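Right, one structure below, let's go through it.
The values are calculated or read from the model by the stated rules, or taken from the named source; none is laboratory data. None of these values were measured; they are calculated from a predicted model. For neighbour counting, all protein chains shown are included, and Cβ atoms are generated from backbone atoms with ideal geometry for every residue, glycine included. Ligands, DNA and RNA are excluded from the accessible area calculation, which covers all protein heavy atoms including side chains. Shrake-Rupley method; radii C 1.70, N 1.55, O 1.52, S 1.80 Å.
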Amino acid sequence: MATNVVNPHEPELAEQNKRFNTSPSNFFAKARDNLAFRSKWAEINGAMGDLGTYIPIILALSLSRNLDLGTTLIFTGIYNIVTGLLYGVPMPVQPMKSIAAVAISNPSFGVPEIMAAGIITSGTVFVLGATRLMTLAYWLIPLPVVRGIQLAQGLNFAMTAVKYVRYNQNFKKGKAAGQRPWTGLDGMLLALIACGFIILVNGAGKERQRRDEEEETVDEENPNTGSNRPKKFMERLADAIPSAVIVFVLGIILAIIRKPSDVKELRAGPEAIHIVHISRQAWKDGFIKGAIPQLPLTILNSVIAVCKLSKDLFPEKPTSATSLSLTVGLMNIIGCWFGAMPCCHGAGGLAGQYKFGGRSGGCVALLGALKLIIGLVLGGSIIKLLVDFPVGLLGVLLLFAGIELAMAARDMSSKQEAFVMLVCTAVSLVGSSAALGFVCSMLAHGLIELRKLALK
């Protein structure tokens, strides 16, 4: 008897086909829906959730390798707006961390090598997406392995955040510069107060978007039970307080107080955008030193893990591995030639923006518009202000983004799933390699499945 094989991802693919329908009426209707704020202050607050990762990396590269900050702000601003428009969820745009780490630690790895690494990485990801091989990988990789990658990345963010809070940072050299004092405009006490403030306002965060929607639905027969009860005044007040925005604005004010002359050094207008000349040696170094270590991280954390997390948080707006691969590829194939920092999506950024209230594409589009305006109006001169931004406050924002990402792993219900996940996490953290953690956890998963078959 013939049986029909049902592809479990058919609904996602159908949704993607609808999303990228090119008819003008459908495009404008979808764009309006994707950019519509679900809650004004929550969306604005969510836009700040990814800055704990973004600012330290671009600041370090601007100081140590003369990265064109103005160009990076302009291009990443455009990327944010486009991804918000396409996906309708707070899809982040983050610097490629492995390439950044190589550049900061290696004086010979300059802007041409950074751009070469970004173009090679994104070109490879683009090809994997265009040929649907990335979608095949998404289907084949077990969920516990993905959760292990997310847990490792989340814990890595959280540990980095604690270092930001505890120690002064020399971003130009990419290392700590002594114990942070308790008092002062960038003291540990300030960071701890900011951390406590965010916990009081946001708590541990909401479980899922479905619960958010359930809270808005009132049961006519019994309106005061379960999730349908009206919100209390304190709940409504907490929802209306943009905690991340307040922390970020406080940081800007304190940066100005720490060095008032920074304001006088701001200048109007962007720098001239130019094409980066990449020599044959730069291509070689970019490939060997930058692209090879970055590729596994981009494939696993920026595509596969983002797809899984997006499906968890926004089940009604599934994101395909193919579309993410194409946007990562196109961003850098275009922007890197002009000196913009290589970027990708990231599960940590998505978790951070969700944690602080981001629920729509309008959240990241707003952030993109802010970057674009700063890049066009002030250009790279904004670096003077960012250098004096309290790093402890950036650590606080990064801490909550990391914790939110790590908590995605809490759905591992069996001991076998938890075992595979923790193998991936432990190897990834100790070996500082998502690729090594991935290989080890895939082997562990395969051996466990083989053992189950042998014992039947």
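The number of residues in the stretch 34-80 being part of a loop (DSSP other than H, G, I, E, B) and either free of Cβ contacts under 8 Å to residues at least 60 places away in the same chain or not hydrophobic (A, V, I, L, M, F, W, C) (or both) comes to 6. Touching a Pro at 6+ places or on another chain (Cβ under 9 Å) and closer than 17 Å to Leu300 by Cβ, is that true of Met442? When the stated conditions are applied, Met442 passes them. Just a yes or no: is a residue in the stretch 166-178 of a type outside the set (Ser, Thr, Tyr), modelled with pLDDT of 90 or more, over 30 Å from Ser108 (Cβ atoms) and surrounded by 15 or more Cβ atoms within 10 Å (Cβ to Cβ)? No, the stretch 166-178 contains no residue that is of a type outside the set (Ser, Thr, Tyr), modelled with pLDDT of 90 or more, over 30 Å from Ser108 (Cβ atoms) and surrounded by 15 or more Cβ atoms within 10 Å (Cβ to Cβ). When we screen Ile55, Ile78, Ile44 for residues that are closer than 23 Å to Gly361 by Cα, at pLDDT 95 or above, among the β-branched types (Val, Ile, Thr) and in contact with a Leu (Cβ under 9 Å, 6 or more places away or on another chain), the only hit is Ile78. Of all residue pairs spaced 6 or more apart or on separate chains, those with beta-carbon atoms under 8 Å, a first member in the stretch 180-196 that is under 17 Å from Asn170 (Cα atoms) and a second member that is open to solvent by 40 Å² or more (accessible area, probe 1.4 Å) and assigned to a loop (DSSP other than H, G, I, E, B) are Gly187/Pro181; Met188/Pro181; Met188/Trp182. Looking at Val102, Val82, just one residue is open to solvent by 20 Å² or more (accessible area, probe 1.4 Å) and in contact with a Phe, Trp or Tyr (Cβ under 8 Å, 6 or more places away or on another chain), and that residue is Val102. Taken together, the criteria place Leu367 among residues that are surrounded by 22 or more Cβ atoms within 10 Å (Cβ to Cβ) and part of a helix (DSSP H, G or I).
Could you run through the stretch 117-136 and say how many residues are part of a helix (DSSP H, G or I), open to solvent by 30 Å² or more (accessible area, probe 1.4 Å) and not hydroxyl-bearing (Ser, Thr, Tyr)?
Adding up the residues that qualify gives 7.
Residues of the stretch 393-415 include at least one that is without any contact (Cβ under 8 Å) to a residue 40 or more places away in the chain and either open to solvent by less than 20 Å² (accessible area, probe 1.4 Å) or part of a helix (DSSP H, G or I) (or both). Yes or no: Ile304 at pLDDT below 95, aliphatic (A, V, I, L, M) and more than 29 Å from Asn202 (Cα to Cα)? No, not satisfied.
Filtering Ile114, Ile44, Ile58 for residues that are under 17 Å from the mean Cα position of the chain (by Cα) and open to solvent by less than 10 Å² (accessible area, probe 1.4 Å) leaves a single hit, Ile58.
Rundown of residues vs (1) open to solvent by 90 Å² or more (accessible area, probe 1.4 Å); (2) more than 10 Å from Ala152 (Cα to Cα); (3) within 28 Å of the chain's Cα centre (by Cα), yes/no style:
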position: Thr425; (1), (2), (3): no, no, yes
position: Leu429; (1), (2), (3): no, no, yes
position: Val439; (1), (2), (3): no, yes, yes
position: Leu447; (1), (2), (3): yes, yes, no
position: Leu453; (1), (2), (3): yes, yes, no
